[in-house]
Each structure stands twice: as C-alpha cells, then as structure tokens.
1. At least 2 residues that are more than 20 Å from Ala17 (Cβ to Cβ), of a type outside the set (Asp, Glu) and modelled with pLDDT of 95 or more in each: list the strands (runs of 3 or more DSSP E) lying fully within region 257-337 that qualify.
2. Of the numbered conditions (1) in contact with a helix residue (DSSP H, G or I) (Cβ under 6 Å, 6 or more places away or on another chain); (2) in a helix (DSSP H, G or I); (3) of a type in the set (S, T, N, Q), Thr352 satisfies every one except a single condition; which is it?
3. Can you find even one residue in region 424-442 that is modelled with pLDDT of 95 or more and closer than 18 Å to Glu355 by Cβ?
4. Taking the conditions exactly as written (in contact with a helix residue (DSSP H, G or I) (Cβ under 9 Å, 6 or more places away or on another chain), assigned to a loop (DSSP other than H, G, I, E, B) and within 30 Å of Ala386 (Cβ to Cβ)), does Val77 satisfy them or not?
5. Please work out which residue is least open to solvent (accessible area, probe 1.4 Å), limiting yourself to region 124-152 and to residues that are farther than 21 Å from Ala21 by Cα, among the aliphatic types (A, V, I, L, M) and not in a loop (DSSP other than H, G, I, E, B).
6. For region 198-209, indicate whether the set of residues that are of a type outside the set (Asp, Glu) and assigned to a helix (DSSP H, G or I) is non-empty.
7. Within the set of pairs 6+ apart or on separate chains, which have a first residue in region 262-281 that is closer than 23 Å to Thr169 by Cα, a second that is part of a strand (DSSP E or B) and of a type in the set (Asp, Glu), and C-beta atoms under 8 Å apart?
8. Any residue in region 359-387 that is free of Cβ contacts under 8 Å to residues at least 60 places away in the same chain and closer than 17 Å to Ala457 by Cα sitting within a Cβ distance under 8 Å of a residue that is open to solvent by 70 Å² or more (accessible area, probe 1.4 Å) and assigned to a helix (DSSP H, G or I)? List the pairs, counting only those 6 or more apart or interchain.
Amino acid sequence: MYDVVIIGSGPGGYVAAIRCAQLGMKTALIEKYSTLGGTCLNVGCIPSKALLDSSEHYYNATHTFKEHGIDVKDVKVNIKQMIDRKAGVVKQTCEGINYLMKKNKIDVHTGIGSFIDKNTIKVTAADGSVKELKAAKTIIATGSKPTSLPNVAIDKKRIITSTEALELTEVPKHLIVIGGGVIGMELGSVYARLGAKVSVVEFMDTLIPTMDRALGKELIKVSKNHLGFDFYFSHKVTGATAKGKEVTVTAEDKDGKVLELKGDYVLVATGRRPYTEGLGLEAAGVKLDERGRVAVDGHLQTNVPGIYAIGDVVVGAMLAHKAEEEGTFVAETMAGQKPHINYNLIPGVVYTWPEVAAVGYTEEQLKKEGKAYKVGNFPFKASGRARASMDLDGFVKVLADKTTDEILGVHMIGPRVADMIAEAVVAMEFRASAEDVSRMSHAHPTFTESFKEACLAATDNRALHI
C-alpha cells in the first residue's frame, strides 16, 4: 500500500513525487514510456531549447561574427550532429530524473496506469504483463498531447507535429507553420535560422495572441526583418495535403479569399489538449469538465476524495513550471500544510530570439477591467549592454497601478528576458511598486537595467537613459 501514487512523470508528476517523498510519504511513480520526464524533457521544453541554442550559434556565425571581428569560412549545418547533440541533452536530463527517484526512494513502475477503483491502479507494461498498486491517494499528472485541425491529417512525415519537428534529418526548404503561438514560433525560428523559408498561417490577427499585444507586434517585426518570416494572419486553414515531397496548405481570410501555400513540410502547432485516454477515470468516478480536462477544486482535488490532478490535464496555462508548482502544492496539501499558488504570477516565456517573457496582467486585460494604470517603456536599443552584444531589438514594458504604483504586469521582448522575468515575479510576489524596483541598484552594464529604467519610466516618466 502506497501513501501516494502519481500517474505521469513529467515536471508536475516527478516534482510531486519528490516533494511527497520529502514529506515522508511512501511514493510510487507510474510512467508509460521507458524514459522519465514526460513531454517536457523528452519531446518539448528541453530538446527544443537545445535546437534553439544550436541554431542561434549557426545564425550568429553567418550573420554577426564578421562584425565582431571573427572571420569564418565555409560554415555549414550538420543537421545530424545537431539532432544527436539534442538527443544527448535529453538523455542526460532524463537520467538525472532517474537519479532523483532513487535518491528519494521513489518506486518507479513502467507501463500504462489506469484505475480499477479509487484506491487501486493497474499498471500494464509494454509486454502485456499487469500488476496492481494500492494507493491511499493518487495524483493524475498525465499532461497533454498536440491537437490538430479536423481537415488536416498528420502523417508524421511531411505533415508533422512538434515531436517530429525535433527529429528532422534535413533543413526544410519551405516550412509552413499552422499556428502563431509559442510552439510554432520557437520551432519555426530553429529552421529559419538554419536557412528555411518559414510561412506562418494564424487564425488570430497577431502572434502569441494570449500575451500583451505589444509583444506580438514586436515579434512580427523582428521575425520578418532578421529571419524572413512570412505571416498570414486572420486566415482559417481549410486543408493540408502531402504528395511526395511537396505539401500544400489552403486557407481562407475573413472575406473568403483563398490562400494556397506550397512547401516541403507542414508543422501543425495549433495547441495541445489534456491527455486522459486509458486512465479509466470512470472506474474511479472522476469527472471531466466541458473541455475534457480533469475537474478539480481549489485544492486541485477531483470530485473523488483522495484523487488529485495537476498540470496540463487541469485548467490553466500548459506550462512545465505551472505543473511543478501544482505538484508541490498538492504534496504539501496532502501533508496538512497550507501552500498557495498565485496563478497570475506564473510567468510565460517564448524562447525565440529575441526572447519574450511576461508576468501579470496584460494592458488589454487592464483596459477590459477598467483598472486605472500607467505604463513605463524602455527600449533595449538604449541599453549599453545590448549595444555591446548587438541585441538592440525589443523593450521592457511595465504596467503599474495609477494610484498606488504597485506593479501589475511586466512584458519583455529582448535578450535574456527569459531569465530577467524572474526579477519581476519576485517584485510582484512582494507587491512592490515601480518606484521600489527603480530604487534598487542594478549592476552596470546589464540587461536587467532595462527593467529598472522601465520602472523609472512608469514612475513619473523618470527614465534616465532615454
């Protein structure tokens, strides 16, 4: 009998397992694949970042090295080595999770986990063998899988998802991306840097539409100027077909005008959906909501006492770090503690270059709520550190309460903002005002000075370097 069994070993599941073990619970983790880490470590966050870094090195070698005084000749893409290095990064990271499971004395069971009843879980291995685990409590952490469109059939060869895009053996000549969100822009950037022509077809009228619109507007500009992206906004995809090595995508704009694009690969990046198939939720009596997510209360407990759910399988942003926070939250809740998650302060990041990062309210949300606010902007072209590194695109935008000066939202696009956003999260967790941050010493020259300057700009327009 286990105190807790976790189904799924992604960032939410394995972090929940570790925290449960730290709190003295006898813990088991079930994973259907042979490696731990879920989508994030195997076919998501980690491998995509590896390819993003590799492709950025190549781009710099062919575009900026000369100005830096570095002469190189005959620079070529070795796609096999790039993919092999990515695989090595994934392998090392997944092995690290294996080590953590052993260190924390967590039993790992490989196979598909499904409920027999609320306290009994069947694990079916790849060879068909079955074993049963008894659990006082269970955490569902089965994550999500890519979605497609009803009129687009994914063949995993020419019409592909993000999983196949991480394993290509050649650089596409023309990659057509359906969806201008995080996944589409990150993987589109990888292959654009390596020489592919990239066209993005997006149903909405901007990129990364869930983020502050100023970020999408800037990302469009830099993606066009530096990487030659073509964008087709407000277009509904009506079909995608593959014939030999050629693919054809058709779409319509708002007026019904037909667009036809031809390329050699189509990346379908239209989002992800909760993965609950094969869990046997009905056997345990667990209910789903209207969008196929596991329904949970404020403590992330399902309608069945003792069964919890976290991460992509429940409501909220599909982010690895959101799942991690929820894994810790549930473990501590089961131990009788009183943890807390402020969902408004979970940052979002897009790992293009320049990077995009944000936390808190967007300007559009504040307008919709009728909340009085003020704005401070600071462009990276005014940053000495950015000039030194030739990273002049982008800006930091700070939204603060008009009366109290409390920071309500921070939106960044620029160099290393994926790391910079953490300072904004810390400030907002402690309900800092823009003036609080503007009076903190920031090392010079650094990119983070731009956050200070944006806060100065929000505080009576006091920016010093513009």
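1. Fully inside region 257-337 and qualifying: 258-263, 265-268, 272-274.
2. Going through (1) in contact with a helix residue (DSSP H, G or I) (Cβ under 6 Å, 6 or more places away or on another chain); (2) in a helix (DSSP H, G or I); (3) of a type in the set (S, T, N, Q) one by one, Thr352 breaks only (2).
3. Looking through region 424-442, at least one residue is modelled with pLDDT of 95 or more and closer than 18 Å to Glu355 by Cβ.
4. Yes; evaluated as a whole, the condition is true for this residue.
5. Val152
6. In the first step, residues of region 198-209 are kept if they are of a type outside the set (Asp, Glu); the result is 198-201, 203-204, 206-209.
Imposing the further condition that a residue be assigned to a helix (DSSP H, G or I) reduces the set to none.
No, because not a single residue in region 198-209 is of a type outside the set (Asp, Glu) and assigned to a helix (DSSP H, G or I).
7. Qualifying pairs under 8 Å: Lys262/Glu246; Gly263/Glu246; Asp264/Glu246.
8. As it stands, the answer is Lys381/Arg387, since those pairs meet every condition given.
The values are calculated or read from the model by the stated rules, or taken from the named source; none is laboratory data. From a predicted model like this one, the values you see are computed outputs, not experimental measurements. Methodologically, a virtual Cβ is constructed for each residue, glycine included, from the backbone with ideal geometry; neighbour enumeration extends over all protein chains shown. When the accessible area is computed, the model is the full protein with side chains, heavy atoms only, and any ligands, DNA or RNA have been set aside. Shrake-Rupley method; radii C 1.70, N 1.55, O 1.52, S 1.80 Å.
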